[in-house]
Amino acid sequence: MITVSAPGKIILYGEHAVVYGRSCIVTALNCRLTVSVSETEDGRVIVRSPNCKDRRFINSTLLIAEKELNIKHKGLNIETKCSFSGKYGLGSSAAVTVALHKALAALYKVAIDKKTLFDIAYRTVLNVQGRGSGCDVAAATFGGTHRFVTGGRIIRPIDTDGIPIIIGYSGIKGSTVELVGRIAKKFKEEPEKLNRIFKAIGKIVKEAEEALIGRDWKRVGTLMNFNQEYLRDIGVSHEKLETIISAAKKAGAYGAKLSGSGGGDCMIALHPDGISGKCAVSEAIRKAGGEVVDVSPNAEGVRIEKS
Ligand code: PMV
């Protein structure tokens, strides 16, 4: 039996724009999804995945691993465990895809480097979702924090050790596929407006990279606020997210924004005390009806836990 784990992720800047060729900054979180795989002889594939209701990513991984890694099995037992709920939108689908590819490669002794793993896992996710940048796949594969351009055209590590972010869940489940589709429709209707906004977001991402490296938390926060204004402008925010974001800022956050595709899911806020967990901003997020998700950034990428 092989056990492999991969981390969840959160996007610090640049969501949506990244789908249109701009950069985003994504960080891996220390909440992990674990996959255990063992071989059987009865020709059946048994999947036990209580926290991963959406089996399409597992099914698509099996098909692609067979085709691209030339893995021929006689039957498999697959079990997944997740230290975080899929409801948060923290990248459990990408994590299960990356971890399962890695586990299958290890079980059948197929050598696979991280870039190849990223490429096949990204194709697997596209197979299911049809559209997406793959930034979540990059976080699950490489870990750490990266500036990333769609499809992995750029995957550049950024040292953000110690970044004091606080993550709040809005309680509303957003749908990535629906929101990415909505923006694709808008892009067709108003290409100039959206191009202008995505270009501006791309500039924010580049400035944020410098600010992060320089540990200039005030600037890091201000740039989150700028990014949020553009996200609101393209229509992917949500009343509840806005309430929590504004509560976090009133409580002293240097900046706050939604994170991911929007329409619900999570927001992030930045405050120097954020790292301690005892912070007025966390309290304000809770008071505004959000749930503080106790995770930290810059986690390790996919790894073999047991073989
Ligand atoms: O909703 P999430 O956390 O899966 O993030 C989606 C991010 C987008 O930029 C909107 C889409 C993508 O594939 O990058």
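For this structure, a couple of remarks:
- Considering only beta bridges that DSSP places wholly inside the chain, some 90 percent are antiparallel.
- The simple Förster model, with R0 at 30 Å and r as the Cβ-Cβ distance, assigns LYS203 and ASP294 a FRET efficiency of 0.35.
- Sequence-separation-based contact order of the stretch 20-115, relative, with Cα cut under 8 Å and 6+ spacing, percent: 41 percent
- Compactness of the stretch 89-214 is given as radius of gyration and Dmax, 16.6, 50 Å, from Cα positions.
- When the chain is treated as a GNM with alpha-carbon contacts under 10 Å, the residue of LYS206, LYS185, LYS81 showing the greatest mean-square fluctuation is LYS185.
- Additional length obtainable on full extension of the chain from ASN51 to LYS193, 0.36 nm per residue less Cα span: 47.2 nm
- Spin-label proximity, LYS109 to the stretch 279-307 - amide N less than 20 Å from point 7 Å beyond Cα toward beta carbon: 304-307
- Rule-of-thumb Rg ratio for the chain [Cα; 2.2 N^0.38 Å; N residues]: 0.98
- For the chain: relative contact order, % (alpha-carbon pairs under 8 angstrom, 6 or more apart): 27 percent
- For the stretch 191-307, dividing the convex hull volume of the Cα atoms by the residue count gives 142 Å³ per residue.
- Hypothetical label at LYS287: residues of the stretch 225-266 whose amide nitrogen lies under 12 Å (7 Å Cα-Cβ projection): 247-252
- The stretch between SER85 and ALA280, if pulled fully straight at 0.36 nm per residue, gains 67.7 nm over its current Cα-Cα span.
- Of all DSSP bridge pairs formed entirely within the stretch 13-148, close to 75 percent run antiparallel.
- Among residues other than LEU63 with Cβ under 15 Å from its Cβ, the summed charge is +3 (Lys and Arg +1, Asp and Glu -1).
- Residues ARG182, ARG44, ARG32, ARG131 arranged by fewest to most Cβ contacts within 10 Å: ARG44, ARG131, ARG182, ARG32
- Aspartates and glutamates whose Cα lies under 16 Å from that of LYS203, excluding same-chain neighbours fewer than 8 positions away: GLU15, GLU229
- Residue pairs, from the table LYS53/LYS257; LYS87/LYS186; LYS199/LYS240; LYS9/LYS186; LYS53/LYS206; LYS9/LYS74, whose Cα atoms sit over 30 Å apart: LYS53/LYS206; LYS9/LYS74
- With Cα atoms as the point set, the stretch 1-65 shows a radius of gyration and Dmax of 16.0, 48 Å.
- Where N is the number of residues in the stretch 1-130, Cα Rg divided by 2.2 N^0.38 Å: 1.05
- The simple Förster model, with R0 at 45 Å and r as the Cβ-Cβ distance, assigns ASP161 and LYS185 a FRET efficiency of 0.70.
- The aspartates and glutamates within cross-link reach of LYS250, meaning a Cα-to-Cα straight distance under 14 Å and a gap of 8 or more places when in the same chain, are GLU242, GLU283.
- Per-peptide packing, taken as the mean over residues of other Cβ atoms within 10 Å, places 50-59, 228-237 in the sequence 228-237, 50-59 from highest down.
Since every read-out is calculated from the coordinates, none of them should be taken as a lab result. In this text, all values refer to a predicted model and were calculated from it rather than measured experimentally. Don't worry about glycine lacking a Cβ; one is built from the backbone with ideal geometry, like all the others, and counts go over all protein chains shown.
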